[in-house]
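Read through the structure below, which is laid out as structure tokens, and then see the notes.
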Amino acid sequence: MRELPQRKPKRLKGYDYSQNGAYFVTVCAKNGAEIFSRIIVGDGLARPECPDFPARPDCPDCPAYPIVELTDIGEQIRQIINYINQRYDNAFIDKFVIMPNHIHLILVINGCNETGRTGQSLAPGPAGRASPAPTVGNIIGGLKSGVSRNIGFSPWQRCFHDHIIRDESDYRRVAEYIEQNPAKWAKDRFYDRFER
């Protein structure tokens, strides 16, 4: 009998994904379907061949920045992200972009907030106790299942990609990548290159 190829593990072996830190996460649509948003690049908006590409939203001399127009599914994603930011007292999504067939986000887990509580979510667990510290997998799983429940089917690829952000410089690089992702849509590795 022929052995099937082994799936490569996505998480870093032995790493505690509930510990304090920032995580760059990418979650893709099933089969690369462009169902989350539409990138509008009209007259005067940056294109890959533009010498000022990628346009920066904070630069008055750059061409106008592309517009991300959310679909109904994309709007559900945005609402669940907002819910995550309200639900946990020790985790939040700091930056995100909802692209046509994937989302990028920076998830921050911080075991202590301004009230001094640590490792607890705002949602009560059994017998009214606070839930234990969330992991990256718990939060992304909640995002995916919340959207799926709200729309009546799962639009998601099975897994997600993550990168542990190691320092301030890495954080700035990832944040800039997220901000500029709509302007780079035509060059994105998840971009569907078929005729539109």
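Observations, loosely collected:
- Computed from backbone phi with θ = phi - 60° and the Karplus coefficients 6.51, -1.76 and 1.60, the 3J(HN,Hα) list for segment 170-183 is 5, 4, 4, 4, 5, 4, 5, 4, 4, 4, 8, 4, x, 5 Hz; x is used for glycine and proline.
- Taking amide H atoms as placed 1.01 Å from N in the peptide plane, the amide H of ALA91 lies under 5 Å from those of ASN110, each 5 or more residues away in sequence or on another chain.
- Amide proton proximity set for GLN157, modelled H, under 5 Å, gap of 5+: CYS28, ALA29, LYS30
Since every read-out is calculated from the coordinates, none of them should be taken as a lab result. If you're wondering where the values come from, they're calculated on a predicted model, not measured in any experiment.
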